[in-house]
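Q: Below is the structure I would like to discuss, written out as structure tokens.
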Amino acid sequence: MDWQTSEDTVPSAPVTEADARLLLGRPPVTGAWRDGDPVGDRRFAAFGAFRTEGGQELPGVRVAFETWGELNAARDNAVLILHALTGDSHVRGAAGPGHPTAGWWDDIVGPGAPIDTDRWFVVAPNMLGGCQGSTGPASVAPDGYEWAARFPYLTIRDQVAAQERLADALGIGVWAAVVGGSMGGMHALEWAVGSPERVARVAILSAPPVNTADQIALNSVQLAAIQMDPRFQGGEYYDAGDGDGPHRGLALARRMALLNYRSPNELNARFSRSWQSGVSPLGRGGRFAVESYLDFHGNKFTRRFDANSYIRVVEAMNSHDVGRDRGGVEEALQRVTATALVLGIDTDRLFPIDGQHRIARSIPRTLDGDRAVVLASDFGHDGFLIETAAVGLHLRRLLEP
């Protein structure tokens, strides 16, 4: 659960007038990619009927994905990269038509990079229920209208089942590695536990074994912010005009989430009690710089995400419990046969490091025994996206011959 775009994962800084000008104009009713929009670097795989864990059925699903490198003749050099809550398939590459933001892990994936595309065939899908090309609430249903609130509840296991269909379509029987951070780390863990025979290596970055009551509580207020926006209209907002969608509720949910992605140390060091302008915030109508910062990123987010999709993917995150119906967390983790890298950030207040240690203690074969790798960072949860030199070093360890 993180910011996911390179523009957002730079260290926090005050908002400039130039930044503010980027958001002039009325926000779209949805920031989802929709049919007819520029495809960009996306590819698509379409599948038949999809039945969810909860028993609901989609008549067909589509998974958007991007690839880099070449699949070898033995089909044993494929690496699956799984994005976090509000991410997408655009792991590397420039912003441009079809891609509102630049790649979110450019320093990690590419020729000569830690995940070296001269060696590996890298696949990055947009999760089912997302809003950047894969089937989700903003997609058009067979009756010609958006799925909207009718889109079914999904679990982490449902989303991995869609990824398994993609692997089958690409002819990949075993992934050389499955790599995921935050919510993507939940997917990676589920792959390693649910389909151990298909995963040779796994990297679980800043992800927990279960979503706790504390984390569910934090998520619940974000969803309430969206649902209480009068323009949400019970999820039936797609026919509204620009500026008339639930952008206020979605932006507020994003502001709440950002507070969990960064550490108090970073926010205090970057902003202190500075003002956004020369107007005092002490009863004079001015604002503290950190308030403007949160507003800016909340409003920016509404240009690239969909409110209904946010609800469905957060609900899927809440479903995460790798031990559910498997005898508990520790017993489930014993199923993992992959060599594992488990990594966390010391200042992560969203998914604290004790969760990563719990994972490492029970996976039979990790790079570092029964303790997770702990990175020291001022950037909190988002450290796994920002501290690319350190993260890359450990990914190289996992992937070395």
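The values are calculated or read from the model by the stated rules, or taken from the named source; none is laboratory data. For clarity, every value in this text was computed on a predicted model and none was experimentally measured. Here the Cβ is made from the backbone with ideal geometry for all residues, glycine too, and neighbour counts use every protein chain on show. Note: areas computed on protein heavy atoms with side chains; ligands, DNA, RNA excluded. Shrake-Rupley method; radii C 1.70, N 1.55, O 1.52, S 1.80 Å.
Q: Output the number of residues of the stretch 183-202 satisfying the condition of being of a type in the set (A, V, I, L, M, F, W, C) and within 21 Å of Leu385 (Cα to Cα).
A: If we filter the stretch 183-202 for residues that are of a type in the set (A, V, I, L, M, F, W, C), which is where we start, we get 183, 186, 188-189, 191-193, 199-200, 202.
The next check asks that each one be within 21 Å of Leu385 (Cα to Cα); those that pass are 183, 186, 188-189, 202.
The qualifying residues number 5.
Q: With the checklist (1) in contact (Cβ under 8 Å) with a residue 60 or more places away in the chain; (2) over 25 Å from Arg51 (Cβ atoms) in hand, flag the one item Asp214 doesn't pass.
A: (1)
Q: Checking Arg51 against (1) free of Cβ contacts under 8 Å to residues at least 12 places away in the same chain; (2) more than 18 Å from Leu154 (Cβ to Cβ); (3) of a type outside the set (Asp, Glu), which single condition isn't satisfied?
A: Evaluating Arg51 over (1) free of Cβ contacts under 8 Å to residues at least 12 places away in the same chain; (2) more than 18 Å from Leu154 (Cβ to Cβ); (3) of a type outside the set (Asp, Glu) leaves (2) as the failure.
Q: Please give the number of the condition Arg312 fails out of (1) within 20 Å of the chain's Cα centre (by Cα); (2) open to solvent by 70 Å² or more (accessible area, probe 1.4 Å).
A: Just one mismatch for Arg312, condition (2).
Q: Considering only the stretch 192-201, I want to know if a residue exists there that is assigned to a loop (DSSP other than H, G, I, E, B), under 21 Å from Val342 (Cα atoms) and modelled with pLDDT of 95 or more. Working first, answer last.
A: Start the filter on the stretch 192-201 by keeping residues that are assigned to a loop (DSSP other than H, G, I, E, B), which leaves 195, 200.
Narrowing further to those that are under 21 Å from Val342 (Cα atoms): 195, 200.
From the residues that got through so far, the ones that are modelled with pLDDT of 95 or more too are 195, 200.
So far as the stretch 192-201 goes, yes, one or more of its residues are assigned to a loop (DSSP other than H, G, I, E, B), under 21 Å from Val342 (Cα atoms) and modelled with pLDDT of 95 or more.
Q: Here are Asp295, Asp325, Asp348, Asp370: which of them is surrounded by 23 or more Cβ atoms within 10 Å (Cβ to Cβ), of a type in the set (D, E, K, R) and either touching a residue at least 24 places away in the same chain (Cβ under 8 Å) or part of a loop (DSSP other than H, G, I, E, B) (or both)?
A: Details: Asp295 fails: surrounded by 23 or more Cβ atoms within 10 Å (Cβ to Cβ); Asp325 fails: surrounded by 23 or more Cβ atoms within 10 Å (Cβ to Cβ); Asp370 fails: surrounded by 23 or more Cβ atoms within 10 Å (Cβ to Cβ).
Answer to the check: Asp348.
Q: In the stretch 159-184, which residue that is farther than 15 Å from Asp88 by Cβ and in a helix (DSSP H, G or I) is most open to solvent (accessible area, probe 1.4 Å)?
A: Within the stretch 159-184, the subset farther than 15 Å from Asp88 by Cβ is 160-161, 164-165, 167-179.
After this cut, where a residue has to be in a helix (DSSP H, G or I) as well, the list is 160-161, 164-165, 167-170.
On the way: Val160: 7, Ala161: 33, Glu164: 47, Arg165: 71, Ala167: 0, Asp168: 95, Ala169: 68, Leu170: 33 Å².
For the stretch 159-184, the residue satisfying everything is Asp168.
Q: Right, another one. Hand me the list of strands (runs of 3 or more DSSP E) wholly inside the stretch 19-93 holding 3 or more residues that are of a type in the set (Asp, Glu) and at pLDDT 95 or above.
A: Working: elements: 43-47, 61-68, 78-82.
Where strands (runs of 3 or more DSSP E) fall fully within the stretch 19-93, none carries at least 3 residues being of a type in the set (Asp, Glu) and at pLDDT 95 or above.
Q: Among the residues of the stretch 335-345, is any touching a strand residue (DSSP E or B) at 6+ places or on another chain (Cβ under 7 Å), crowded, with 18+ Cβ neighbours inside 10 Å and at pLDDT below 95?
A: no
Q: Something else about it: Can you find even one residue in the stretch 78-91 that is surrounded by fewer than 23 Cβ atoms within 10 Å (Cβ to Cβ) and either of a type outside the set (Val, Ile, Thr) or within 25 Å of Asn318 (Cβ to Cβ) (or both)? Before the answer, list the steps.
A: Going residue by residue through the stretch 78-91, those that are surrounded by fewer than 23 Cβ atoms within 10 Å (Cβ to Cβ) are none.
No.
Q: Among the residues of the stretch 239-282, which ones are touching a residue at least 24 places away in the same chain (Cβ under 8 Å), charged (D, E, K, R) and not in a loop (DSSP other than H, G, I, E, B)?
A: Listed by number, the residues that qualify are Arg254, Arg255, Glu266, Arg270.
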